[in-house]
Amino acid sequence: MTYETIIPGKFLARPNRFIAHVETAAGLQVCHVKNTGRCRELLVPGATVYLEESANPSRKTKYDLVAVEKGRLLINMDSQAPNRVAEEYLPQLFPGLTSYRRERAWGSSRFDFFIEAAGERWFMEVKGVTLEEDGVALFPDAPTQRGVKHLWELVRCQEEGFRACVLFVIQMEGIRYFTPNRRTHPEFAQALEEAAAQGVRVEAVDCHVTPSSLTPGAPVALRLNG
């Protein structure tokens, strides 16, 4: 996936989860943050960030904040991007892919993809990952009861004869492995481990990131056990 007009800037402040103040060559910009997560380790004063100019002239904010530099890493933090990356990655993830649909409801959940491949029917949930510590990618960066619910719904899908998968799209590259963030949300980590033990397929893929693009990279090793 690609972005259109991108400009760099210096992050100054985030007065609320939707808005950031960024200094650019054209002056101070009030930007929309395309990620409602905490992102405290990313959005630190002075960090270099990248903004996409909106094509909608009637918007209150002219720019969206889509990426940030963290040391040697360039991290995409657009929460809408992982599903688009996952869509590009589907043929590699599911050999024999014949069709897929986005946003398919099942039970009390709405999963990101319903996939038909090699005679099997799959429900897949996608999770974007922006938290990195010492070369390790972690999810979530804040407690997510919705994420726990999705995992147990995927287990129930399998009980009804479907296959189930959760894909962690790591919005950076150069990661050693992925692991659930037990420190932040032990319930999610336990649910992920138990779902995998019950047959839910767990996958992680990193991304090649530039200020103006995000594309699927290579599979990332998993460490699900505590």
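The values are calculated or read from the model by the stated rules, or taken from the named source; none is laboratory data. The shown structure was predicted, so the numbers you read here are calculated from the model rather than taken from an experiment. Here the Cβ positions follow ideal geometry from the backbone for every residue, glycine too, while neighbour counts run over all protein chains shown.
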| query | If only one of 204, 196, 189 is assigned by TED's automatic domain parsing to the domain that holds residue 128, surrounded by fewer than 21 Cβ atoms within 10 Å (Cβ to Cβ) and farther than 30 Å from residue 54 by Cα, which one is it? | reply | 196
| query | Which residues, taken from segment 140-150, are surrounded by fewer than 18 Cβ atoms within 10 Å (Cβ to Cβ) and touching a strand residue (DSSP E or B) at 6+ places or on another chain (Cβ under 7 Å)? | reply | 149
| message | Looking at 54, 109 in this structure, which one is among the hydroxyl-bearing types (Ser, Thr, Tyr) and either touching a residue at least 24 places away in the same chain (Cβ under 8 Å) or farther than 21 Å from residue 1 by Cβ (or both)? | response | 109
| request: Collect the residues in segment 109-133 that are among the hydrophobic types (A, V, I, L, M, F, W, C), part of a strand (DSSP E or B) and more than 20 Å from the chain's Cα centre (by Cα), keeping them in residue-number order. | output: 117
| Which of the strands (runs of 3 or more DSSP E) contained wholly in segment 134-226 include at least 1 residues that are at pLDDT 95 or above and farther than 30 Å from residue 6 by Cβ? | 163-170, 177-180, 201-210
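Taking segment 151-162 as the search range and keeping residues that are crowded, with 19+ Cβ neighbours inside 10 Å and closer than 23 Å to residue 92 by Cα, which one is nearest to the chain's Cα centre (by Cα)? Quick ask: steps written out before the conclusion?
So in segment 151-162, the residues crowded, with 19+ Cβ neighbours inside 10 Å come out as 151, 153-154, 157.
From what's left, closer than 23 Å to residue 92 by Cα: 151, 154, 157.
Values: 151: 16, 154: 18, 157: 22 Å.
Here the residue is 151.
Residues that are in the same structural domain as residue 155 (by TED's automatic domain parsing) and on the phi > 0 side of the Ramachandran plot: list the strands (runs of 3 or more DSSP E) wholly contained in segment 1-108 that include at least 2 such residues.
Where strands (runs of 3 or more DSSP E) fall fully within segment 1-108, none carries at least 2 residues being in the same structural domain as residue 155 (by TED's automatic domain parsing) and on the phi > 0 side of the Ramachandran plot.
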| task | Test residue 137 against the stated conditions and say whether it is buried (at least 21 other Cβ atoms within 10 Å of the Cβ), farther than 17 Å from residue 83 by Cα and either of a type in the set (A, V, I, L, M, F, W, C) or in contact (Cβ under 8 Å) with a residue 24 or more places away in the chain (or both). | result | yes
| message | residue 69 - would you say it is modelled with pLDDT of 95 or more and either surrounded by fewer than 20 Cβ atoms within 10 Å (Cβ to Cβ) or more than 30 Å from residue 164 (Cα to Cα) (or both)? | response | yes
